[in-house]
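As structure tokens, the structure follows; a few thoughts come after it.
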Amino acid sequence: MKALLVGADRLGNIPQVLTEYGISILRHVSGRDPSEQRGERAMPAGAELLILFTDFLGHNVMRGYREAARKQGVPVLACRRSTCSLRGALDACNHCRYRVETSGCSKNEERRTGRRATVAYAPGQ
């Protein structure tokens, strides 16, 4: 599965987590460049999943990519830029083919921040 990642300047260990779930990064957009904040947002050809890192992303950029994904029927995951939050969102996703047993880090993330990683949109639900 190929994913478009939006948000976060640096990805850190996120590529390794995505690999565990059988997901490769098609493209990463930081969302901070002024050209990325205006105009139409387009999903690249071949994108099967959109991952939004909400703690490093403005509302307008997020809204634009979400709309583009909905138009193409691409599922959207919204989470914080941490491996634990990403794992929690991927575990909740019905479209991720490969799931691994987590070490409970998503529960720790929820307890620490009071936020829960969510699946924002999934076609057919």
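Subtracting the Cα-Cα distance of E20 and K2 from their residue separation scaled by 0.36 nm leaves 5.2 nm. With a Förster radius of 30 Å applied to the beta-carbon distance between N13 and N94, the computed FRET efficiency rounds to 0.80.
Under a point spin-label approximation (7 Å from Cα along Cα-to-Cβ), what is the D55-K71 distance to one decimal in nm? A separation of 3.1 nm, rounded to one decimal place. Computed 3J(HN,Hα) for region 60-68, one whole-Hz value per residue from the Karplus formula 6.51 cos²θ - 1.76 cosθ + 1.60 where θ = phi - 60°, is 5, 5, 4, 4, x, 5, 4, 5, 4, glycine and proline marked x.
Couplings 3J(HN,Hα) for region 79-91, derived from phi with the Karplus relation 6.51 cos²θ - 1.76 cosθ + 1.60 (θ = phi - 60°), are 7, 7, 7, 9, 5, 5, 5, 5, 4, x, 5, 5, 5 Hz, where x marks Gly and Pro.
Read-outs: derived from the displayed coordinates by stated rules, not from any lab. A quick note: this is a predicted structure, and the numbers were derived from the prediction, not measured. Counting neighbours? That spans all protein chains shown, and the Cβs are built from the backbone with ideal geometry, glycine included.
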